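The values are calculated or read from the model by the stated rules, or taken from the named source; none is laboratory data. Worth saying up front: this structure is predicted, and the values here are computed from it rather than measured. Neighbour counts run over all protein chains shown; Cβ positions are idealised from the backbone, glycine included. Side chains are part of the model used for accessible areas, which takes the heavy atoms of the whole protein and leaves out ligands, DNA and RNA. Shrake-Rupley method; radii C 1.70, N 1.55, O 1.52, S 1.80 Å.
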Amino acid sequence: MGEYLSGDDDDYYSDPDSQEPPFRNDDNDDDREATRSPPSSNKVVIRKEHLLLAQMGDLRRVMDLLKLREQHARTLLIHYRWDVDRLVEVLAEMGKDRLFAQAGVILPGNTTTPLLQSSSIITCNICMEDVCSREFTTMDCGHCYCNNCWSEHFIVRIKEGQSKRIRCMEHKCNAICDEAVVRKLVSTRDPDLAERFDRFLLESYVEDNKIVKWCPSVPHCGNAIRVEDDKYCEVECACGFQFCFSCSSEVHSPCSCIMWELWTKKCLDESETVNWITVNTKPCPKCHKPVEKNGGCNLVRCICGQPFCWLCGGATGRDHTWSSIRGHSCGRYKEEGEQKKAERAKRELYRYMHYYNRFKAHTDSFKLESKLVETMMDKISAVERRIYHLNDFSWLTNGLNRLFRSRRVLSYSYAFAYYMFGEELFPDEMTKEIKEIKQNLFEDQQQQFEFNVEQLSKYLEEPFNEYSEDKVMEIRMQVINFSEIVNSRCEQMYECIENDLLGSLERATHCIAPYNSKGVEKASLWSTKVDNSGSHPPHDVKGPPPQDIKGPSPELIQDYQS
């Protein structure tokens, strides 16, 4: 059956939560990894067992360039956050001496080291104990202390999380201690802590590197992703999880990272509950508890017994008629701040509900349409039994992929519009007239995109397994046509966002992941053909605590690829 669903290689959709895609065979993936040729993609997956080899690639560049040992190259790269290009720029601008001084690298032979007799007794300037010279260690900077003091210093720094750059104990000494000495002395006292030290050095390649990040999958897969071109992109890990490389949250274009962070927070916190209370209740003038009106009369009474006027919120007596309250009149206009605040909160609540309801509607449609995957195989089997010569159903695969991607983009476009045309992020960027023009332009694009997405969804949900051959071919043409139209409309909407909306901002900078007709790009597996001579055995890298991805986002469907 798989051959009938094989579509174009560039049309696929992959779910972050899926482990075994139903339409592809990955049985031999592990066997192919060791011999995989270097990927041509600039987005690569580095598995935890290959992390040390990937780190050695950058270390070798610096070691060969500056003729350094591995530990000194690592110290330089950690200081410059593993940015080899930046390191080379500083080298060209300031020279080797200043480059080393800023990073705390002291090369052996550049300092005067005291000669110690093996049988001599020396007083340690830290603990003031007389110790045999064999129990002393001298660092590259020339400072010499007893091994016990060095060990205590190293252990404290590692436990404090500062193991990647442990400085010399000497006052005002900027030199970074030799990692081999740290490893040797700590391992004699606490072997587990020494392993932790090595793991910190290894994980610094990800945690201190702007082009490498942990995959934020839950549970954590242990993979790291390296992206060398643009951090504002969306990428898929080998585990199937798709995320924004810039903020490590789920994919969210066309929203910028700031927009998506604000939107998820707004949908999760109680800010809109407070707005609802402001709009639909009035505080009791006596106990100040919120009171909701449940009748037509404008004289309401709190549970504390206090009557008050619903129109103005002022305390009154109990005598009243349907048209007036005795001894009370609030018909005269007064400029009251609380009234203006309530009206403003009411408008903002209605505006938020407008965008949220449409965001939620397309999210729910995405969940319902995911069931099409479950029924598609049965429909195809039924058609095959009736019409033998129909053996190419790639149009269904491509159509479903296009629908899923477009539905997600359409859903997030409402979150984008909420902030783009609101007052929270861009209060002074556009005049009211310009904002209205741009809003109409965007909504026209969005409306055309939305219409064609619904048409594509309608044809994909047709029970074509019950139709004649002519009717099936008609549906096939409609699905193909609307797939192309949806792709074109989506691309036009992205161009409108990037050029006419975000591109015209002067003081605010919001970047989004560029539109990719093929969907979120899947990172290639990193090549293992790297010279690892002289390196330490790789350690078990557990990675950071996994990020809990939350928000009112679609429940993504089962991974499924042509």
field: Unique residue being touching a strand residue (DSSP E or B) at 6+ places or on another chain (Cβ under 7 Å) and either at pLDDT below 85 or open to solvent by 30 Å² or more (accessible area, probe 1.4 Å) (or both) when the list is G534, G543, G503, G519
entry: G543
- prompt: Across the stretch 384-407, what is the number of residues that are open to solvent by less than 10 Å² (accessible area, probe 1.4 Å), assigned to a helix (DSSP H, G or I) and touching a Phe, Trp or Tyr at 6+ places or on another chain (Cβ under 7 Å)?
  reply: 3
task: Quickly run through the stretch 204-238 and pick out the residues that are surrounded by 18 or more Cβ atoms within 10 Å (Cβ to Cβ) and among the hydrophobic types (A, V, I, L, M, F, W, C).
output: V206, V212, W214, C215, C221, A224, I225, V227, C233, V235, C237, A238
task: Could you give me the residue pairs with C-beta distances under 6 Å whose first residue belongs to the stretch 357-382 and is closer than 24 Å to F464 by Cβ, whose second residue is open to solvent by 50 Å² or more (accessible area, probe 1.4 Å) and not in a helix (DSSP H, G or I) wherever it lies, and which are 6+ apart or on separate chains?
output: K367/E555
message: Where the second residue is open to solvent by 50 Å² or more (accessible area, probe 1.4 Å) and the first is in contact (Cβ under 8 Å) with a residue 24 or more places away in the chain and lies in the stretch 433-456, which pairs have Cβ atoms under 7 Å and are six or more apart or on separate chains?
response: K438/D500; L441/D500; Q445/Q492; Q448/R489; F449/R489; N452/I485; N452/R489
- prompt: Among the residues of the stretch 467-474, is there at least one that is open to solvent by 50 Å² or more (accessible area, probe 1.4 Å), under 25 Å from H389 (Cβ atoms), modelled with pLDDT under 95 and among the hydroxyl-bearing types (S, T, Y)?
  reply: yes
query: Out of all the residues in the stretch 304-320, is one or more in contact with a Phe, Trp or Tyr (Cβ under 8 Å, 6 or more places away or on another chain), in a loop (DSSP other than H, G, I, E, B) and either under 25 Å from E495 (Cβ atoms) or modelled with pLDDT of 85 or more (or both)?
result: no
